[in-house]
Each structure stands twice: as structure tokens, then as C-alpha cells.
Amino acid sequence: MNHMIYLDNAATSYHKPKCVLETLAYHTRNSSANAGRGGHDASVRASSLLMEARETAADFFGISDPLRIVFGQNTTMALNLGISGLIQDGDHVVISSMEHNSVSRTVAARENVEYTVVMANEQGYLNPFDVDRAIRTNTALIVINHASNVTGSVQDIRSIGKIAEKHNIPLLVDAAQSAGCIPIDVEQMNISLLAFAGHKCLMGPLGTGGLYVREDIPIRPVLFGGTGSMSESLSMPEFLPDALEAGTVNAPAFAALASGIRFVERHQSEIRQKETYLTQRLLHGLLNLDSVTVYGSPLQQNRVGVVSFTIDGRDPAECSNILNQKNHIAVRAGLHCAALAHQTIGTIQGGTVRASVGFFNKPSDIDALLLAVKHLC
Ligand SMILES: Cc1ncc(COP(=O)(O)O)c(C=O)c1O
């Protein structure tokens, strides 16, 4: 197999730290029992792995009670649990125009729920005052994408959090692209619900994600099934995480996610510095190519390492195929499951080519992409 240059970290972090792979292998071998479903040693071991993972995630996000974290397969599941568990017929929801389909489709699927899409500017940034202005008397939820998977733009969650608090409306933050790349403290930022991916910037395995739900948020179950608790009742338990965590949880994968979070914690400033440097190198190189248009902010401030671009006269899908086949460079083309964001930046026809950097990329990866793009031009 040819050496691949992986620049699709926004989809998932393909290269995982050694500690994550070793933890996953070790616990798959030694702790693959069903957590919370038996009194035997193996089940108890799996339960303590999950508890440890919840504690690690809670510490990382400034969450005081680890039991308020519900584990699930990915950010999509977390967002669905948060949105569908909160809103009811007759409610109004505020979302931004940078949302991923896992938010916009989930909200749009509700027939008797109205929603307002707050427009970001053409670089993908929201004005928090526009969020304030969109609030109605029946607004039951505000959902905001923290860092865009199309433009890399990072929203001012702190200000939006203050607005949500002023109106006493829950704020659900989609941290799929930010958790692990940008510091998040749920209390300081007034975040009521936080949906995060384990498999992206937190460097955990595929199939990991989670939802934090603050103590005062009255959330209803969305998935029904066994929890290993209150089994005599036909209703789901009312306490978290059980209320939202039906079915078997992959304890070895979450143990590995905890390793990933600890890795990110240990290397936090190094990760930020490296990703900033690589993003700057990429932006600078692309901006110097005449027939390339770069979307989002050309500057490094308030952005993550997600860079979208198009080449004059070239179809993004064709570019990504050539980069893959000829240069063995993995990038993504199209709408990146975020049509609203492409409407915002004016690329709804055909989308963009997206390169997204990660901690394990090297400057030479960026240079290889820039050279290949230059040839495509
Ligand atoms: C901003 C954003 N939200 C939600 C998702 C869905 O995340 P997941 O793939 O973990 O379901 C993604 C995926 O890329 C994303 O970029």
C-alpha cells in the first residue's frame, strides 16, 4: 500500500496515539464484558472503566458531576439525544447557518417545531446579537456549532452562553470539531448541553462520542431499552446516564477514549501550536495560488485547522479524486454534510475541497498538498 498523506482529520483522526491503540487492544482482550449488567468481576471491571472514562471527560470539560455525561457512538447520536430529548410540539428552536446536518436535519424533522436559522457572515462567523434577536417567547433551545467543519470558524460561545442564560434557554453546543482542539469549560461558557466526538480531536477510537447534560435540564429519553438499573419498571430510569444510555456500551472503546483525552491534556499547548502552524502554512500557500479561492477567515485567529478551497474551473470532487489517486493525499470534497454552511459561504453548487490538519501531520504533508494543488491549477 502506498504511503497516504491523511488530511481529513475533521472526519475522524485516523492516526491515534500509541496509548489509545494499546488501551483499546488491552481492554478488548481483558475487559470486554457488559458494564452494569452483572455482579461478576468482568462486568464490574467494565463498569469501572466507563466510570473512569466519564471522570476523565468531566475533568476535561470542567463538569462537576461525571454522571451527567452520557456516552454514545458519535456526535450525531449525542445531538439527537439532546435535541429530541428537549424539544416538544409548539416549541421554537434557534440554530446557526453553520450547522451540520446532524443538527439541521434533526430539528427540521420535527413537524410541529419551528426554527430560525441565524445567518453567519460569509467567512462563517456569527454575530451573537443576531442570536439574541432570534429568540421568541416559545424558544426552547439554542443549538450552535462551536467550530465549523466547512470553514473552521470558531464561534463566540461565551457571549452566546450569556445570551442563553439571560433568556433562561438551554444552549446545546456542537463541539464535534472543537472538543480537544479548543479549551471548553461548560460552566465558564454557560453551556447547558455539550455534544462531543470522541473520535476526532480527542483522538479516541471510532464509535465514541458523548453528551453532557447540566443538572437543571429536564431531558426525556429518546432511546429505550435495558440499562441494568430499575429493570422491574416499564419506564426508563430518571437519573443520568441511564435515562439516555440504553443498551450495551463499548467499555474498551471508552477506556481508549480516556487515554486519548489524557494524551490531549498532556500535549495541549503542543497540539494547538502544531495545528496552528500547519494551518497557517496551508492557508499561506493556498492564498498565494492565483486560481485558488480559500473560504473562511484567511487569518489564524478564531479558527481550527479545517480549510476549504476551490480551484477555478475544477470540480471539487474531481480534485479530491486526483489528489487521492495520483498523490495519495486524503482530503474530502463536496458539502461535508453541512448544506446550510455552504449556502452561507456561497459554495452550495459542488461544495469545496476540504483539507483538515491534525497533530500527527508534518509540514511536508502540507507542502505535498500545496504542490499537488499547484499542478491541478
Ligand atoms: C460540526 C459537526 N457536527 C456534527 C458532526 C457529526 O459527528 P459524528 O461524525 O461524530 O457523528 C460532524 C462530523 O464531522 C461535524 O463536523
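The values are calculated or read from the model by the stated rules, or taken from the named source; none is laboratory data. Values in this document were obtained by computation on a predicted structure and should not be read as measured data. Please note: Cβ atoms are built from the backbone with ideal geometry, for glycine as well, and neighbour counts cover all protein chains shown. Please note that ligands, DNA and RNA were not included when accessible areas were found on the heavy atoms of the full protein model with its side chains. Shrake-Rupley method; radii C 1.70, N 1.55, O 1.52, S 1.80 Å.
Looking at this structure, is Gly260 surrounded by fewer than 24 Cβ atoms within 10 Å (Cβ to Cβ), more than 30 Å from Thr139 (Cβ to Cβ), modelled with pLDDT of 95 or more and not assigned by TED's automatic domain parsing to the domain that holds Ala338? The answer is no for Gly260. Is it the case that some residue within segment 204-213 is at pLDDT 95 or above and open to solvent by 30 Å² or more (accessible area, probe 1.4 Å)? Yes, segment 204-213 contains at least one residue that is at pLDDT 95 or above and open to solvent by 30 Å² or more (accessible area, probe 1.4 Å).
The listed residues are Val222, Val154, and the only one of them that is under 25 Å from Ala341 (Cα atoms), away from the ligand (no atom under 11 Å from the Cβ), among the aliphatic types (A, V, I, L, M) and open to solvent by 10 Å² or more (accessible area, probe 1.4 Å) turns out to be Val154. Residues considered: Leu126, Leu86, Leu81. Of these, the only one that is under 30 Å from Pro205 (Cα atoms), within 16 Å of the ligand (Cβ to nearest atom) and either open to solvent by less than 30 Å² (accessible area, probe 1.4 Å) or free of Cβ contacts under 8 Å to residues at least 12 places away in the same chain (or both) is Leu81. Does Ala341 fit the bill of being open to solvent by less than 20 Å² (accessible area, probe 1.4 Å), more than 16 Å from the ligand (Cβ to nearest atom) and touching a residue at least 24 places away in the same chain (Cβ under 8 Å)? Criteria not met by Ala341. The C-beta contact set for segment 34-52 (first residue at pLDDT below 95, second residue open to solvent by 80 Å² or more (accessible area, probe 1.4 Å) and not basic (Lys, Arg), distance under 6 angstrom, 6+ apart or interchain) comprises Asn34/Thr248.
Report yes if Val131 is more than 16 Å from the ligand (Cβ to nearest atom), surrounded by 17 or more Cβ atoms within 10 Å (Cβ to Cβ), under 14 Å from Leu172 (Cα atoms) and among the hydrophobic types (A, V, I, L, M, F, W, C), otherwise no.
Numbers: more than 16 Å from the ligand (Cβ to nearest atom): yes; surrounded by 17 or more Cβ atoms within 10 Å (Cβ to Cβ): yes; under 14 Å from Leu172 (Cα atoms): yes; among the hydrophobic types (A, V, I, L, M, F, W, C): yes.
Criteria met by Val131.
How about segment 101-120: which of its residues are touching a residue at least 60 places away in the same chain (Cβ under 8 Å) and either more than 16 Å from the ligand (Cβ to nearest atom) or within 17 Å of the chain's Cα centre (by Cα) (or both)?
First pass over segment 101-120, keeping only residues touching a residue at least 60 places away in the same chain (Cβ under 8 Å): 101-104, 117, 119-120.
Selection gives Asn101, Ser102, Val103, Ser104, Met119.
For segment 55-71, taking the residues that are more than 20 Å from Ile144 (Cβ to Cβ) and either within 16 Å of the ligand (Cβ to nearest atom) or of a type in the set (S, T, N, Q) (or both), the one that is most open to solvent (accessible area, probe 1.4 Å) is identified as Ser64.
Return the only residue of Ser308, Ser364 being crowded, with 19+ Cβ neighbours inside 10 Å and outside the structural domain of Asn121 (by TED's automatic domain parsing). Full working, then the answer.
Values: Ser364 fails: crowded, with 19+ Cβ neighbours inside 10 Å.
One residue alone meets the criteria, Ser308.
Just so you know, in segment 1-32 the residues that are open to solvent by less than 40 Å² (accessible area, probe 1.4 Å) and either over 28 Å from the mean Cα position of the chain (by Cα) or of a type in the set (Ser, Thr, Tyr) (or both) include one that is farthest from the ligand (Cβ to nearest atom), and it is Ser31.
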